[in-house]
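*Asks:* Following this message is one structure expressed as structure tokens.
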Amino acid sequence: MRTPINPFLANDPNARARRLARALISDLATYFPQRREEGLREGTLKQLFREEIRKSYDEYVEQVGHEFAESTMHFQDALNDVLAGGEKIF
């Protein structure tokens, strides 16, 4: 077993989950910049990214666990902060 570079962060499930959620959602914003701009402009972000968000959430749940994912706002916060540019859309 590898020793974590920063044991404090490795032992903090909230920090780990926040980083994971932000990484997953950052990928969407990076890979689909035009779709993101259109969604922000037209108010259709949820619809345009429905499938990608579902896939990213499935990956998130797989890594952090269903109970933890359901009991925290990290994924939703990442959607609002990163994909929606700070707007409370999700």
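*Asks:* How would you rank 38-44, 19-25, highest first, on the average number of other Cβ atoms within 10 Å across their residues?
*Replies:* The peptides rank, most packed first, as 19-25, 38-44.
*Asks:* Loop-only trypsin sites (Lys or Arg not before Pro) in the stretch 48-90, please: DSSP not H, G, I, E or B, and at most 14 other Cβ atoms within 10 Å.
*Replies:* Filter output for the stretch 48-90: Lys88.
*Asks:* Given a 1.4 Å probe, how much area per residue of the chain is accessible, in Å²?
*Replies:* 68
*Asks:* Can I get the semi-axes of the chain's equivalent ellipsoid? Compute them from the C-alpha gyration tensor as square roots of 5 times the eigenvalues, in angstrom, largest first. Spell out each step's value before the answer.
*Replies:* Numbers: eigenvalues 140, 33, 26 Å².
That gives 27, 13, 11 Å for the three semi-axes.
*Asks:* Right, next: With a 1.4 Å probe and every protein chain kept in, tell me what percent of the accessible surface of the chain is carbon plus sulfur.
*Replies:* 51
*Asks:* Compute the angle between helix 50-64 and the longest alpha-carbon principal axis of the chain, please, reported from 0 to 90 degrees and rounded to the nearest 10.
*Replies:* Helix 50-64 and the main axis of the chain meet at about 10 degrees.
The values are calculated or read from the model by the stated rules, or taken from the named source; none is laboratory data. All of these numbers come straight from a predicted model, not from anything done at the bench. Counting neighbours? That spans all protein chains shown, and the Cβs are built from the backbone with ideal geometry, glycine included. The protein model used for the area step is the full one, side chains on, heavy atoms only, and it has no ligands, DNA or RNA in it. Shrake-Rupley method; radii C 1.70, N 1.55, O 1.52, S 1.80 Å.
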